[in-house]
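Structure first, commentary second.
Where a number appears in this text, it was derived from the coordinates with a stated rule and is not lab data. Bear in mind the structure is a predicted one, so any value in this text is a computation, not a measurement. Neighbour counts run over all protein chains shown; Cβ positions are idealised from the backbone, glycine included.
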Amino acid sequence: MKTIDFAVIGGSYAGLSAALQLARARRNVLVVDAGQRRNRFVDAAGETSHGFLTQDGRPPAEIAADAREQLMNYPNVEWMHGTAEDARVAADGRLEFRVGTEAISAHRLILATGVRDELPPVPGLTERWGRSIFHCPYCHGYEMNAGRIGIIAASPLALHHALMLPDWGSPTLFLNDAYTPSEEDLAAIARRGTQVEPVLISRIDGHADVVLQDGRTITLNGLFTQPRTLMSSPVAEQLGCALEEGPMGLFIKVDEGKATSVPNVFACGDAARAAGNVTLAVADGAMAGFGAHRASMV
């Protein structure tokens, strides 16, 4: 069994940030990553990342690759490609898991396992995810060029999109039988100038053309929707970490220092917050790295 001081499961923005703090504290760090960043669909579409200081407009893959290269300049960091499985707390308190056929034992563990998006079942939506259909107005709203924006309702969170997106363009909320606004909701939506379309969506065509079941086609600059988030890894549950139910799905419960309910296990990034983006993931990772290092001094 391979024994390490600190293991970080997940090598995207939060995991890279956590590992960097530990590397600079001159601690031995193992990063395990399967190469499945949540925003990889943006790369595939040729889109870029936005709103991250000094990195605005860069492809997400380039940001992650630069971060990994800088991290691997530290001789006390090891990278292992693969998926962490069969995690457990051993009798002596160490955190054990397996990557392929190799068993790993860590004194302290940081979970940066991320989430995956469960998209609403609208024909044509999945193919345009990260290309012309998004979930975060702060990340992609500006690129709508103050034009016509669609909101595909998938949950009551559609109300928040309906109220936010007028700052980025002229929105239409497609209820699509997924969300029924109250009279109070409708009044708030009207005050913000968002249009409401009750006719069901047949499919998405072209760049962001919404074809309705009554035959109309509404051409838009882009679309937003509210995916349900699912844990990308079962490791947190296998270890017994407490989870919380957020508006988008379950996430790992942590304190201000990113410690979970399991001793010596920390969590950060999208898997440990109700909602997030690259900037917040990097900040979370730094806090988890600090927290894990400080815990090692006790």
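The angle between the Cα long axis of helix 278-295 and the longest principal axis of the Cα atoms of the chain comes to about 20 degrees, rounded to the nearest 10.
Histogrammed with a bin width of 10 Å, the alpha carbon distances of the stretch 1-128 distribute as 12, 38, 31, 16, 4, 0 percent, first bin at zero. I want the local charge near Ala283. Using Cβ-Cβ distances under 12 Å, sum +1 for each Lys or Arg and -1 for each Asp or Glu among the other residues. Local net charge: +1.
Taking the C-alpha atoms only, the angle from helix 60-71 to the longest principal axis of the chain is near 10 degrees.
If I stretch the segment between Ala190 and Ala295 completely, what's the gain in nm (0.36 nm per residue apart, minus their alpha carbon distance), one decimal? Value of the extension gain: 32.7 nm. Taking every C-alpha pair closer than 8 Å and separated by at least 6 residues, the mean separation divided by the residue count of the stretch 120-225 gives a relative contact order of 34 percent. Applying 1/(1 + (r/R0)^6) with R0 = 45 Å to the Cβ-Cβ distance of Glu244 and Arg216, what FRET efficiency is obtained, to the nearest 0.05? It comes out at approximately 0.65. Contact order, relative form, for the chain: 22 percent (alpha carbon pairs under 8 Å, 6 or more residues apart, mean separation divided by residue count).
Across all directions, the average projected area of the convex hull around the alpha carbons of the stretch 120-225 is 5.8 nm².
Ranked for footprinting exposure by Cβ neighbours inside 10 Å, fewest first, His161, His293, His207 give His207, His293, His161.
Projecting the Cα atoms of Leu223, Ala154, Phe251 onto the charge dipole of the chain, computed from C-beta unit charges around the Cα centre, puts Phe251 farthest toward the positive end.
Here Met164, Met231 are placed in order of increasing Cβ neighbour count within 10 Å, fewest first, which gives Met164, Met231. The charge dipole of the chain, taken about the Cα centre with unit charges on the Cβ atoms of Lys, Arg (+1) and Asp, Glu (-1), comes to about 660 debye, rounded to the nearest 20. When the chain is modelled as a GNM with alpha-carbon springs shorter than 10 Å, which of Asp270, Asp255, Asp33 fluctuates the most? Per the Cα network of the chain with a 10 Å cutoff, Asp255 tops the list. Cβ-to-Cβ counts within 10 Å put Ser12, Ser17, Ser105 in ascending order as Ser105, Ser17, Ser12, the fewest first. Given a Förster radius of 30 Å and the C-beta distance between Glu85 and Asp255 as r, what FRET efficiency does 1/(1 + (r/R0)^6) yield to the nearest 0.05? Using R0 = 30 Å, I get an efficiency of 0.65.
What whole-number distance in Å separates the alpha-carbon centres of the stretch 147-162 and the stretch 84-120? That distance is 36 Å.
Principal-axis analysis of the Cα atoms of the chain puts helix 183-192 at an angle of about 90° to the longest axis. Charge dipole (Cα centre; +1 on Lys/Arg Cβ, -1 on Asp/Glu Cβ; no other charges) of the stretch 120-225 amounts to roughly 220 debye.
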